[in-house]
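Data first, discussion second: the structure below is written as structure tokens.
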């Protein structure tokens, strides 16, 4: 009897070890995915913080400060957080009104609201977003990422404030400025895209974007192309934000903080669904996972807000880069943060030599991968309501913004339900008593 129990217990331990084993193949995917995500985070974080009126280094410290918490508490293992364009209007206004302390105040208020959303279990309602709306959101975000990088790849002189315009407006601005087209950044950016697609078609497990960056740097040296590079990064640790709360602050920042929390929550969970879709995880997210994700990012953003760093949102470019490189576990998130930290303190000399156009090519490559090519092919065969919702959501992301786009896409299903319920319902016949 003891022998049987011992054997069964041993088998159970073996099963657990197999379940939680971490292979060299998984580590390779996580490492290269985390590396590419960190490379994308560097220029993007610096640019977003600058747009908000904050010290550029704070855009990177958003990822560094929130990464350990999302690694431990986050529900989606390959969802990477960081500074995003969707938060720029809220934080930039707070910084304009209150200085550097404004970013800390509004980020802390939004973080508390996110934790309240988690406790009230409101995250699960975002799971009801139809798949066609999620696909339209993904396609729109992909197009947004490509358009945002055109000015860098084409070498156009467009002010950074243009990123606050709609994607469609940014595109027309690029068209108007095409007379300033430059060949060197175009060659570097297109090299990354072409090499990344070539490598990805040969093997899904190879770090295609990273190989594209290396090829771009090699071509730059071979052709003697002197283009703008990332440059040396500042290494100073930001101090804790110092500020005082007043009743006037809460009166003016409470509603903007609520809006920032809502925008962040919607983008976070929709991005998580998009990432699951592209990594082949077709099982629906559990309601508790959606609520837990909001709670995890709420806690993480409290840490960022204490230093005055911008609030962290799920970033499609970094998350999809991990997926494309073969990353599968939450170790990719931790590696992404560790590489960022190592880069700031030890490897900034090497990263400083990467051309900005090459990193723009990486972002554009990930954006092209997000364009939902299979959905466009199936569009004529889809239900009319699904096809219309997909197109409306996709176009609205480009014309308005991502949150309104999701609302418009979902509202089509609401209007359809009302129409079927109250206008096409069969008339009820009243039976006369015998």
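Here, each number is a calculation from the coordinates, and none is a lab measurement. This one's a predicted model, so the numbers in the text were calculated from it and none came from an experiment. Glycine also receives a Cβ, built like all others from the backbone with ideal geometry; neighbour counts cover every protein chain displayed.
Sum -39500 (n - 2.57) across every DSSP H segment of at least 4 residues in the chain, then divide by the residue count to get the 222 nm mean residue ellipticity, nearest 500. Using -39500 (n - 2.57) per qualifying helix, the result is -23000 deg cm²/dmol. Which shape class, rounded, prolate or oblate, goes with the stretch 13-152 when its Cα gyration tensor gives a ≥ b ≥ c as root eigenvalues, a/c under 1.5 marks rounded, and past that a/b bigger than b/c marks prolate? In terms of gyration-tensor shape, prolate. Its residue count N sets the reference 2.2 N^0.38 Å, and the alpha-carbon radius of gyration of the chain equals 1.06 times that reference.
Put a dot 7 Å past the Cα of residue 382, heading toward its Cβ, do the same for residue 240, and the two dots end up 5.0 nm apart.
Look at 249, 179 and count the other Cβ atoms within 10 Å of each Cβ; fewest to most, that gives 179, 249.
Each peptide in 168-176, 270-278 was scored by the mean count of other Cβ atoms within 10 Å over its residues; highest first, the order is 270-278, 168-176.
Peptide packing: for 405-414, 129-138, the average count of neighbouring Cβ atoms within 10 Å per residue gives the ranking 129-138, 405-414, highest mean first. The order of 268, 391, 250, going from fewest to most other C-beta atoms within 10 Å of their C-beta, is 250, 391, 268.
As an equivalent ellipsoid, the stretch 316-413 spans semi-axes of 36, 15, 14 angstrom, where each value is the square root of five times an eigenvalue of the C-alpha gyration tensor, largest first.
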